[in-house]
Structure formats: C-alpha cells, structure tokens
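Asker: Before I ask anything, let me first share the structure, which is written out below as structure tokens.
No lab work stands behind these numbers, since they all come straight from the coordinates. Predicted model only: the values in this text are computed from it and were never measured. Don't worry about glycine lacking a Cβ; one is built from the backbone with ideal geometry, like all the others, and counts go over all protein chains shown.
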C-alpha cells in the first residue's frame, strides 16, 4: 500500500509539472500565433483582441485584467497601436509579469517628421504600427518572444530555440513561394480604407495610392470621397481593400462609381476563416490579391 501511495504521489507530481506551462497573453491574434510557434506544448497562449477586432480600439474589461493577472508574459504590439493594453496590464496587478514590446528591432515605415497634432488624425509618431504584415518582421517578433519566454522558463531554453529556428525556416521557405506568387502583383494599385498595408505592399510589390479615410481614424467625408473617386478613375484603380471591422457602405459606394472590386482583406489571424495562423494569413492575402490580376 505504501509503495502504491508513493507511485500515485509521483504520478500526481508529474501531472502537476506537465500542467505548469508558461502563460502568455498577447494583445493580438498575430502575436499569439507566433508565440504558439515558439512556446509549442510548453506554453498556454491567449489573445485579448480577436481576429476581427480593430486593434486601435479595444474595450478594457475586468476579465482581461484577471487573465493577465495569471500570466507570465504579456506581448504588446507597440508603436501606439494597443495603448489600451497598458490599462489591462496595470489593472492586473501582476508584479512578476514580463511585458514585451514586440516592435523592438523592427524597421518601421512612415515615421512622421515635424510637428504632430490631433488635427492630423490618428498619427503614430514612431511609425506605422502594422509591421507584422511584412512576414520578414515575423522573425523579429519571434526573436522578441524567444527572449521573454527563455527568461520566464530558462530550463527549456533549448526547446524554445529549436522552435524559433523552425519558425524562421518556415517563414523563409514561404517567403520564396510568396515572392514568386507576388510577381503578378507588380504594377497593381489599390485603395484601402485605413492605412493598414504599407508593410504588405513593400514586401510584395504593389502600391496603395489612396485611403477612404481622409485622415487616419477619421470617417470619410463627401468631398474626400469625391476626390478619391476622381483619383481612382485617373489611375484606373480597380481594387479596394476593406478591413473586416469597417463599414462596407463607403467602399461599396466608391466601387459602384469606379467599377472597382472590394476585397475584405484580413489584417490579422482569425479575421477570416482561412487565416488560421500567421503563415495562413499571408496565403489568404496573396490569394485575394492575385485573384484581381
């Protein structure tokens, strides 16, 4: 009986060890997807925002603070995109939390110079924050996550390093495929609702020539819409990208006036059914864009 109790105790102990995963909470599904690649079976990963969420505006709920209170690591997008995350982190009262700005080491685009004020709309002084939409930046995000997770769980450093290298190889191999697929996008001009796509455009060789928003975060006006229609006609723009969280009314109206096609383009993992993870997100986006050629 004594031996049996010892065996049972050991089994319970091993079960407890198996369940002691690194708890990671991310602001976005994109960061969460990459964290799952690095953490593998040793991490439990959740995201605050959902795939169809507008990351600029997320309501802070007590349930988010509770989730983060039990976490080891919090992953922020940074660059002023998910400023609401600070309230979640502060409200969690988690003194041991490792907070990671995943934009660290990223070469940002469209960093404004000169005077910046509220009249310019939702301007980000440190540069455009949608940097995860260049898959090459996914490697830098993964590197930031690797640093944090090995700090939280140094005993499994080798496993995380192997997972990181496997993810980097996956991105590298897919980049070869994606760049070949994107050759058909050379010369493609598009209009988007919000300034979401400069990193994707740079990575795959198309051009964003205008925005439905007159300024970032500002609702479209009649005068701006009229000017945009004239621009699209003059440049023969036939593609409009609409993020899933924006109203279809203005894009559809502009499409009707110009003969353009509106594409509901997912900026994040989970925004549409096919964007199941970080790699699938780019498969989905390229498939959408290629279909217009």
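Asker: If the chain between residue 231 and residue 293 were fully stretched, how many nm would it gain, using 0.36 nm times the residue separation less the Cα-Cα distance?
Answerer: Length gained between residue 231 and residue 293: 20.3 nm.
Asker: Taking R0 as 30 Å, what FRET efficiency do you get between residue 50 and residue 172 from their Cβ-Cβ distance, rounded to the nearest 0.05?
Answerer: 0.55
Asker: I'd like to know how the range 182-290 sits against the 2.2 N^0.38 Å rule of thumb: what's its Cα Rg over that expected value?
Answerer: 1.03
Asker: Ok, one more. Once you've got the GNM for the chain with C-alpha springs shorter than 10 Å, pick whichever of 98, 149, 24 has the biggest mean-square fluctuation.
Answerer: In this elastic network of the chain, the residue with the biggest mean-square fluctuation among 98, 149, 24 is 98.
Asker: Let me ask another. In percent, what relative contact order does the range 68-207 have, based on Cα pairs under 8 Å that are 6 or more apart in sequence?
Answerer: Relative contact order of the range 68-207: 23 percent.
Asker: On to the next question. If you average the sequence gap of Cα pairs under 8 Å that are 6 or more apart and divide by the length of the range 143-293, what percent do you get for the contact order?
Answerer: This gives 19 percent for the range 143-293.
Asker: Further question: For 102, 168, which order do you get if you count the other beta carbons within 10 Å of each Cβ and list the fewest first?
Answerer: Ranking 102, 168 by Cβ neighbours within 10 Å, fewest first, gives 168, 102.
Asker: If every alpha-carbon in the chain counts as one equal scatterer, what log10 I(q)/I(0) does Debye give at q = 0.08, 0.10, 0.13, 0.15 1/Å?
Answerer: Cα-only, vacuum Debye calculation for the chain: -0.40, -0.59, -0.93, -1.18.
Asker: Would you mind ranking 170, 36 by Cβ crowding within 10 Å, fewest neighbours first?
Answerer: Final ranking by Cβ density, sparse to dense: 170, 36.
Asker: For a Förster distance of 30 Å, can you work out the FRET efficiency between the beta-carbons of residue 87 and residue 136, rounded to the nearest 0.05?
Answerer: The value I calculate is 0.45.
Asker: Counting helices only, and only those DSSP H runs with n ≥ 4, report the 222 nm mean residue ellipticity of the chain as the sum of -39,500 (n - 2.57) divided by its residues, in deg cm²/dmol to the nearest 500.
Answerer: -14500 deg cm²/dmol
Asker: By how many degrees, between 0 and 90 and to the nearest 10, does the Cα long axis of helix 2-19 differ from the longest principal axis of the chain?
Answerer: It works out to around 20 degrees.
Asker: Let me ask you something else. Taking only Cα atoms, what is the 0 to 90° angle, nearest 10, from helix 278-290's long axis to the longest principal axis of the chain?
Answerer: 20 degrees
Asker: Classify the range 90-235 as rounded, prolate or oblate, taking a ≥ b ≥ c as the square roots of the eigenvalues of its Cα gyration tensor: rounded when a/c is under 1.5, otherwise prolate if a/b is larger than b/c and oblate if not.
Answerer: Oblate shape, in that a/c is at least 1.5 and b/c is the bigger or equal ratio.
Asker: What relative contact order, as a whole-number percentage, does the chain give when Cα pairs under 8 Å and 6 or more residues apart are counted?
Answerer: Reported as a whole number, the value is 17 percent.
Asker: Stretched out fully, how many nm does the piece from residue 96 to residue 273 gain, at 0.36 nm a residue minus the Cα gap? Write down the numbers at each step before the final one.
Answerer: Values: separation 177, 0.36 × 177 = 63.72 nm, distance 3.55 nm.
So the chain would gain 60.2 nm between residue 96 and residue 273.
Asker: Something else about it: Pull out the extension gain between residue 165 and residue 181, defined as 0.36 nm times the separation in residues minus the alpha carbon to alpha carbon distance; nm, one decimal.
Answerer: In short, 3.3 nm is gained.
Asker: Using a simple spin-label model with points 7 Å from Cα along the Cα→Cβ vector, what separation in nm is obtained for residue 70 and residue 209?
Answerer: So the label points at residue 70 and residue 209 sit 5.2 nm apart.
Asker: Any chance you could give the angle, 0 to 90 degrees and rounded to 10, that helix 29-39 forms with the longest Cα principal axis of the chain?
Answerer: With both axes taken from Cα atoms, the answer is about 40 degrees.
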